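Visitor: Supplied in structure tokens, the structure appears directly below.
The values are calculated or read from the model by the stated rules, or taken from the named source; none is laboratory data. These numbers were taken from a predicted model, which means no experiment stands behind them. With ideal geometry, Cβ positions are generated from the backbone for all residues, glycine too; neighbour counts draw on all protein chains shown. Ligands, DNA and RNA are stripped out before the accessible areas are found, and what is left, the full protein with its side chains, is counted by its heavy atoms. Shrake-Rupley method; radii C 1.70, N 1.55, O 1.52, S 1.80 Å.
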Amino acid sequence: MSFERLQALVNAADAAFLSHVEAPGAQRSTRAIFETLQDALSDDPVLRLGQAKRLPACIHLETASAPERFEDAALRALVEAFRALEPDLTWYERTGDAPGANAAYRGGHANTMIVGPGGLLRHQSVWLGMSLMAPKVRYPDHTHPPEETYLALSDGDFFQEGRGWFTPGMGGTFYNPPGIRHAMRSGERPFLAMWALRAC
Ligand SMILES: [Fe+2]
């Protein structure tokens, strides 16, 4: 059932963020996020089903989320739970202007919101989702009011205003305070990352 798969995904994400997040801001934010999420799930919520959609960039999902790529048990459990839930998810491209993006960005990326305003589980203040990119895609600079913690599930680079480009590596995490400009880019391989946002 979809609810059980969603609960399993949230449990796996909860454990993966708990074991990988290091920055104090990210620890505080993600602990609050998963506490809120576990509460929301305990209320037996109605899920937004029947909206499943894949995009062309999803041809990279199989490679990017192949469980054998993940040596870390918590990360492997997370991608396995994600793959089980994915048939119920809606993939979408980011809309609006795209400062800094390259030509490969259109058609070369896909996002899915598991929890959030348009998520499988609707929620206003907590968002949980994945970004998938084809090789050699540069995602646009963007900002958003909610604070955000990324969990990298592949190689790939991230940009944060004041810090420049950096490479967290598989299982690496980083924290975006509210409103900070940030971006990401893939290298020679597909890119996968989970994000957890919280409106403060
Ligand atoms: Fe973001």
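Visitor: For region 73-126, rounded, prolate or oblate, judged on the Cα gyration tensor with a ≥ b ≥ c (square roots of eigenvalues), a/c < 1.5 rounded, else prolate if a/b > b/c?
Guide: The shape class here is oblate.
Visitor: May I pose another question? Express the accessible area of region 1-120 per residue in Å², computed with a 1.4 Å probe while the remaining protein chains stay in the model.
Guide: 49
Visitor: Viscosity 1.306 mPa s, temperature 10 °C: Stokes-Einstein D of region 2-198 from its Kirkwood Cα radius, in µm² per second?
Guide: Estimated diffusion coefficient is 96 µm²/s.
Visitor: By its C-alpha gyration tensor, with a ≥ b ≥ c as the square roots of the eigenvalues, how is region 99-200 shaped: rounded for a/c under 1.5, else prolate for a/b larger than b/c, else oblate?
Guide: It is prolate, given that a/c is not under 1.5 and a/b is the larger ratio.
Visitor: Then there's this: Could you give each residue of region 36-49 its phi-based ³J(HN,Hα) in whole Hz, using Karplus coefficients 6.51, -1.76, 1.60 with θ = phi - 60°, and x for Gly or Pro?
Guide: Calculated HN-Hα couplings, in order: 4, 5, 5, 5, 4, 6, 6, 8, 6, x, 7, 8, 8, 9 Hz.
Visitor: Then there is this: With θ set to phi - 60°, apply the Karplus curve 6.51 cos²θ - 1.76 cosθ + 1.60 along region 82-99 and write out the HN-Hα couplings as whole Hz, x wherever there is a Gly or Pro.
Guide: So the Karplus estimates, Gly and Pro as x, are 5, 4, 5, 8, 3, x, 9, 9, 9, 8, 9, 8, 5, 9, x, 5, 9, x Hz.
Visitor: Applying the Karplus parametrisation 6.51 cos²θ - 1.76 cosθ + 1.60 with θ = phi - 60° to the phi angles of region 106-116, what ³J(HN,Hα) value in whole Hz is obtained for each residue in order, glycine and proline being reported as x?
Guide: Once rounded to whole Hz, the list reads 5, x, x, 9, 8, 10, 9, 9, 7, 10, x.
Visitor: For E22 and E93, calculate 0.36 nm times their separation in residues minus their Cα-Cα distance, and state this gained length in nm to one decimal.
Guide: Taking 0.36 nm per residue and subtracting the Cα distance, the gain is 22.6 nm.
Visitor: Taking amide H positions as placed in the peptide plane 1.01 Å from N, state which residues far from G156 in sequence (5 or more) or on other chains have amide H under 5 Å from it.
Guide: G169
Visitor: Now a separate question. What is the distance, in nm, between label points placed 7 Å from the Cα along the Cα-to-Cβ direction at I59 and at R31?
Guide: It is 4.5 nm.
Visitor: Note the direction-averaged projected area, equal to a quarter of the hull surface, for the Cα convex hull of region 1-91, in nm².
Guide: 6.6
Visitor: Once amide H atoms are placed 1.01 Å from N in the peptide plane, what residues at a sequence separation of 5 or more from M184, or on another chain, have their amide H within under 5 Å of its amide H?
Guide: Answer set, sorted by chain and number: Y139, F159.
Visitor: Accessible area of region 48-200 with a 1.4 Å probe: how many percent of it is carbon plus sulfur?
Guide: Result for region 48-200: 51 percent of the exposed heavy-atom area is carbon or sulfur.
Visitor: Would you work out which of A193, W165, L47 lies farthest towards the positive end of the dipole of the chain, given +1 charges on the beta-carbon of Lys and Arg and -1 on that of Asp and Glu, about the Cα centre?
Guide: Toward the positive end, the furthest listed residue is W165.
Visitor: Sequence-distant or interchain residues sharing an amide H contact under 5 Å with N176, placed H: which?
Guide: E148, T149, Y150
Visitor: Hey, what did region 2-198 get for relative contact order, percent, Cα under 8 Å, at least 6 apart?
Guide: The value is 23 percent.
Visitor: Highest GNM mean-square fluctuation, the chain, Cα pairs closer than 10 Å: which of H60, H109, H144?
Guide: Answer for the Gaussian network model of the chain: H144.
Visitor: Rounded to the nearest 0.05, what FRET efficiency do L41 and C200 have when you use their Cβ-Cβ distance and R0 = 25 Å?
Guide: Efficiency at R0 = 25 Å is approximately 0.70.
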